[in-house]
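Novice: The structure is given below, and queries will be raised subsequently.
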Amino acid sequence: VALQQTVFEERHLRFISSLGKGNFGSVELCRYDPLGDNTGELVAVKKLQPNEKSTLEDFKKEVKILSIFECEYIVKYKGICYSTGRLSMSLVMEYLPHGNLIGYLNTYQHINTRRMLLFASQICKGMEYLQSLRYVHRDLAARNILVASESLVKIADFGLTKVIPFDKDYYRVMQPGESPIFWYAPESINESRFSHKSDVWSFGVVLHELFSYCNTNYNPKRLCMQEIGHNVHNPSVSMHLENILKSNWRLPAPSNSFTYPYTNILYTYDNFLQCWAYNFEERPCFSSLGKQIETIMQEERDNLKG
Ligand SMILES: C[C@H](Nc1nc(-c2c[nH]c3ncc(Cl)cc23)ncc1F)C(=O)NCC(F)(F)F
């Protein structure tokens, strides 16, 4: 399908700074300034770095996926930029000045449970939207959540996103690259099997990051490695991780989390735990998770008034 592509001319894209490295490339802050008077808009430009893992074909798929999404909880696609000469292209997206959730929560440590629950419900709604189009994100993590404002977050980085075939309810990848296994469900670690239910597991890990203020001392990788023992080295880390998950170890309840007088954090911790059922069939779906979060939010509001 020939999508209506908004094309940005490379000569008007002014580099300002590098924002970070993603799955398939780096993202830069640029100003698209065709008038040349600095009145142009700021945009985030994802440049493909073709290497053995990421190809132009994969990048074109990422562009196509993002270009069809229309959801307030997903980072907005703006268009593409063909680089003259080099056989490459860039993906132009809206620029969110507050950055990703990790940076935001490390800066504003005072955000209360109500706001965390609001962010959680927005990520959940974004994932419900993704699921309605049969896409699995495969890299849901706080580092891939952008903060649009103090009351709006958006899902980003669709470099690993796949569409579930019509005749199955999962996607199996062949070459698991350097995968974020500490956010992976057991069946993803074991059989490279990805589904909406494996995204639900990762959502549980995002809840844990959120309620831990993305504190690097309590990040999923560090907590898992503590449990596994630091003296273990690749590639058996995934084997050890699979073993502790099978013996029912899970990320511990966020200890330093802000225990708001009304919301018992452990109560929301139960939400995390449901997402981490070993058997993917026992995990809740995003729509029921969304309803549970809304219920806790409503109780918050009632309690606050009470
Ligand atoms: C590789 C890029 N890394 C980073 N991006 C930004 C960023 C700020 N503001 C932004 N506005 C639009 C976009 Cl697409 C990114 C940023 N900040 C820190 C980063 F390390 C990225 O895409 N990360 C995934 C996600 F977008 F979810 F954070």
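Bear in mind that the values in this text are calculations on the coordinates, not laboratory data. Since this is a predicted model, take the numbers as computed values, not measurements. Ideal geometry is used to build each Cβ from the backbone, glycine not excepted, and the neighbour counts take in all protein chains shown.
Novice: Calculate, in nm to one decimal, what Leu273 and Met174 gain on full extension: separation in residues at 0.36 nm each, minus their alpha carbon distance.
Specialist: On the way: separation 99, 0.36 × 99 = 35.64 nm, distance 2.90 nm.
Additional length available on full extension: 32.7 nm.
Novice: Let me ask something else about it. Aspartates and glutamates near Lys76 by alpha-carbon distance under 15 Å, same-chain residues fewer than 8 away left out - which ones?
Specialist: Glu41, Glu62, Glu94, Asp157
Novice: How would the range 96-165 be classified by its alpha-carbon gyration tensor: rounded, prolate or oblate, with rounded meaning a/c under 1.5 and the a/b versus b/c comparison settling the rest?
Specialist: Prolate is the answer for the range 96-165, as a/c is 1.5 or above and a/b outweighs b/c.
Novice: Using 0.36 nm per residue of separation minus the Cα-Cα distance, give me the extension gain between Lys305 and Ser18 in nm, one decimal.
Specialist: 98.8 nm
Novice: I would also like to ask the following. Starting from the Kirkwood radius over alpha-carbon pairs of the range 151-198, derive D by Stokes-Einstein at 20 °C in a medium of 1.002 mPa s and give it in µm² s⁻¹.
Specialist: It comes out at roughly 177 µm²/s.
Novice: Which residue fluctuates the most in the chain, going by a Gaussian network model with Cα springs under 10 Å, if the choices are Val163, Val153, Val45?
Specialist: Per the Cα network of the chain with a 10 Å cutoff, Val163 tops the list.
Novice: When N is the residue count of the range 138-231, what does its C-alpha Rg come to as a fraction of 2.2 N^0.38 Å? All intermediate terms of the calculation are to be shown ahead of the outcome.
Specialist: Values: Rg = 14.3 Å, N = 94, 2.2 N^0.38 = 12.4 Å.
Rounded to two decimals, the normalised Rg is 1.16.
Novice: If you keep only loop residues by DSSP, which chymotrypsin sites (Phe, Trp or Tyr not before Pro) in the range 74-150 have at most 14 other Cβ atoms within 10 Å of their Cβ?
Specialist: Values: sites: Tyr77, Tyr82, Tyr95, Tyr104, Tyr108, Phe119, Tyr129, Tyr135; in loops: Tyr95, Tyr108.
Counting only loop positions with at most 14 other Cβ atoms within 10 Å, the chymotrypsin sites (Phe, Trp or Tyr not before Pro) in the range 74-150 are Tyr108.
Novice: Here's something else I'd like to know. Over the chain, what relative contact order in percent results from Cα pairs under 8 Å that are six or more residues apart? All intermediate terms of the calculation are to be shown ahead of the outcome.
Specialist: Details: 481 pairs, mean separation 45.3, N = 306.
Here the relative contact order equals 15 percent.
Novice: Could you work out Rg/(2.2 N^0.38 Å) for the range 53-190, with Rg from alpha carbons only?
Specialist: Cα-based Rg divided by the globular estimate yields 1.13.
Novice: Also, quick follow-up: Filter the GluC sites (Glu not before Pro) in the range 59-111 down to the DSSP loop ones having no more than 14 other Cβ atoms within 10 Å, then list what survives.
Specialist: Glu70, Glu72
Novice: Using only the alpha-carbon atoms, how far is helix 113-132 inclined from the longest principal axis of the chain? Give it as 0 to 90 degrees, nearest 10.
Specialist: Approximately 60 degrees, to the nearest ten.
Novice: Also, I was wondering about something else. Quick check on the chain: helices-only [θ] at 222 nm, where DSSP H runs of length 4 and up contribute -39,500 (n - 2.57) each and the sum goes over total residues. Nearest 500, please.
Specialist: -11500 deg cm²/dmol
Novice: Would you order Ser17, Ser83 from fewest to most other beta-carbon atoms within 10 Å of each residue's own beta-carbon?
Specialist: Numbers: Ser17 7, Ser83 13.
Ranked by crowding around the Cβ, least crowded first: Ser17, Ser83.
Novice: To continue, here is another question. Which length gain, in nm to one decimal place, applies between Lys246 and Asn231 when the Cα-Cα distance is subtracted from 0.36 nm times their residue separation?
Specialist: Full extension of this stretch gives 3.4 nm more.
Novice: May I ask you to order 29-35, 191-197 by the average number of other C-beta atoms within 10 Å around their residues, highest value first?
Specialist: Descending mean neighbour count gives 191-197, 29-35.
Novice: Let me ask you something else. As a footprinting exposure proxy, order Val232, Val136, Val237 by other Cβ within 10 Å, with the fewest listed first. Present the calculation step by step, with values, prior to reporting the outcome.
Specialist: On the way: Val232 12, Val136 24, Val237 17.
Exposure proxy ranking, most exposed first: Val232, Val237, Val136.
Novice: Computed on alpha carbon atoms, what radius of gyration and Dmax characterise the chain, expressed in Å?
Specialist: 19.9, 65
Novice: Something else: Can you pick out the pairs among Lys246/Lys305; Lys221/Lys305; Lys46/Lys291; Lys60/Lys125 whose Cα atoms lie more than 31 Å from each other?
Specialist: With Cα atoms farther than 31 Å apart: Lys246/Lys305; Lys221/Lys305; Lys46/Lys291.
Novice: Hey, another quick one. Which ³J(HN,Hα) values, rounded to whole Hz and listed in residue order, are derived for the range 292-302 from phi using the Karplus coefficients 6.51, -1.76 and 1.60 in 6.51 cos²θ - 1.76 cosθ + 1.60 with θ = phi - 60°, glycine and proline given as x?
Specialist: 4, 5, 4, 5, 5, 5, 5, 4, 4, 4, 4
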